[in-house]
Amino acid sequence: MALPTLFVPHGAPTFALKPGAAGASLVKLGQTLKRPRAILVISPHWETRDPCVGSAPDFETIYDFAGFPRELYTLTYPAHGDAILAERVATCLQAAGYPARIDPQRGLDHGAWVPLRMMYPTADIPVIPLSIKPDAGAAYHYALGQALAQLAAEGFLIIGTGSMTHNLRDYMICAQTNAPTPSYVRKFADWVDTQLVNQDRQSLLDYRQTGPEATRAHPSEDHLMPFFVALGAAGTAAKAERFFAGVDDYVIAMDGYRFEQAVQ
């Protein structure tokens, strides 16, 4: 039976130090899932023109942020890659017409290592990172996920990371004024859940036109694109389960999803 595909929050970098309820949900998720052959992780913080698959034998922990507590820069996630499994991912993408290439040196940015450190703290499962192309939009990333769907049946756990809302300008305003969470944050996140329950994939793919205050929820699209990869990889009839719903740092909706492929 195929593994589910996932969309999980990676939060602000400080999520690694203060995981809270969202972090507890990731710990529980990692403990309840069947052990995967490999983890294919799609982070919004690795952007390339064409799909790029990481194959480093030992991943550097990338601190792709600045100005945070010193303790954060001491955390590591000593994950290992697998060149053969990375090539399998690239082959699936190439078969679907994507000019995918292998990167044997890229490490893991915080969009990958922060949630993986919670879910699989022993770092003993091969990790295969995959880049995104945020300006290509939702339909592109959904189709990218469809090209990867067969990997779930081969033991790959496909995880997209990001956040259901991500507006750093609004975060700064709220943090400086101690303003409450803007109403659009939960409104947009709950709208996404409703479309999933109703199996309305087209509305989701057109979210910038159909979702409530979508461009405020995502001034740039990067943090939502891994959601579409995970959704596409689960198949058109997949059942969506929201395993966590909450808001951190005023404006970051930390909703997490588990997509179960339909039994053939």
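The values are calculated or read from the model by the stated rules, or taken from the named source; none is laboratory data. Note that the coordinates shown come from a computational prediction; the quantities given were computed from them, not determined experimentally. Methodologically, a virtual Cβ is constructed for each residue, glycine included, from the backbone with ideal geometry; neighbour enumeration extends over all protein chains shown.
Restricting to region 88-109, and then to whatever is assigned to a helix (DSSP H, G or I) and either modelled with pLDDT under 95 or over 21 Å from the mean Cα position of the chain (by Cα) (or both), can you tell me which residue is farthest from G162 (Cα to Cα)? Please lay out each step first, then the result.
Of all residues in region 88-109, those assigned to a helix (DSSP H, G or I) come to 88-95.
Cutting the leftovers down to either modelled with pLDDT under 95 or over 21 Å from the mean Cα position of the chain (by Cα) (or both) gives us 91, 94-95.
Values: T91: 25, Q94: 25, A95: 27 Å.
Only one residue fits best here, namely A95.
List the number of the failed condition for T181; all other conditions in (1) more than 21 Å from A21 (Cα to Cα); (2) out of contact with any Lys or Arg (no Cβ under 6 Å at 6 or more places or on another chain); (3) of a type outside the set (D, E, K, R); (4) surrounded by 15 or more Cβ atoms within 10 Å (Cβ to Cβ) hold.
(1)
Taking the options T161, T194, name whichever one is under 15 Å from R242 (Cα atoms), modelled with pLDDT of 95 or more and outside any helix (DSSP H, G or I).
Working: T194 fails: outside any helix (DSSP H, G or I).
Every option except T161 fails the conditions.
Would you be able to tell me the number of residues in region 222-249 that are in contact with a strand residue (DSSP E or B) (Cβ under 9 Å, 6 or more places away or on another chain), not in a helix (DSSP H, G or I) and not aliphatic (A, V, I, L, M)? Give the derivation first.
Step one: of region 222-249, the residues in contact with a strand residue (DSSP E or B) (Cβ under 9 Å, 6 or more places away or on another chain) are 222-235, 238-248.
Cutting the leftovers down to not in a helix (DSSP H, G or I) gives us 234-235, 238-248.
Remaining after also requiring not aliphatic (A, V, I, L, M): 235, 239, 241-244, 246, 248.
The qualifying residues number 8.
Out of everything in region 184-205 that is more than 19 Å from the chain's Cα centre (by Cα) and within 23 Å of T236 (Cβ to Cβ), what residue ends up being surrounded by the most Cβ atoms within 10 Å (Cβ to Cβ)?
S203
Within region 1-24, track down each residue that is more than 15 Å from the chain's Cα centre (by Cα) and either in a helix (DSSP H, G or I) or charged (D, E, K, R) (or both). Quick ask: steps written out before the conclusion?
At the first step, the residues of region 1-24 found to be more than 15 Å from the chain's Cα centre (by Cα) are 1-3, 14, 16-21, 24.
The answer is T14, A16, K18, G20, A21, A24.
I want to confirm something. Restricting to region 206-215 and keeping residues that are under 20 Å from the mean Cα position of the chain (by Cα) and surrounded by fewer than 17 Cβ atoms within 10 Å (Cβ to Cβ), which single residue is nearest to A139 (Cα to Cα)?
The qualifying residue nearest to A139 (Cα to Cα) is D206.
Just to be sure I understand, how many residues within region 127-158 are part of a helix (DSSP H, G or I), within 21 Å of R35 (Cα to Cα) and among the aliphatic types (A, V, I, L, M)?
Total satisfying the criteria: 5.
Among the candidates G145, G162, G155, single out the residue that is under 21 Å from F259 (Cβ atoms), touching a residue at least 12 places away in the same chain (Cβ under 8 Å), surrounded by fewer than 18 Cβ atoms within 10 Å (Cβ to Cβ) and not aliphatic (A, V, I, L, M).
Selected residue: G155, the only one of G145, G162, G155 that is under 21 Å from F259 (Cβ atoms), touching a residue at least 12 places away in the same chain (Cβ under 8 Å), surrounded by fewer than 18 Cβ atoms within 10 Å (Cβ to Cβ) and not aliphatic (A, V, I, L, M).
W46 fails exactly one of the following numbered conditions: (1) over 10 Å from D109 (Cα atoms); (2) touching a residue at least 60 places away in the same chain (Cβ under 8 Å); (3) among the aromatic types (F, W, Y). What is the number of that condition?
(1)
Does D124 meet the test of being in a loop (DSSP other than H, G, I, E, B), over 18 Å from H10 (Cα atoms) and among the charged types (D, E, K, R)? Let's see the steps before the verdict.
Details: in a loop (DSSP other than H, G, I, E, B): yes; over 18 Å from H10 (Cα atoms): yes; among the charged types (D, E, K, R): yes.
Against the criterion (in a loop (DSSP other than H, G, I, E, B), over 18 Å from H10 (Cα atoms) and among the charged types (D, E, K, R)), D124 qualifies.
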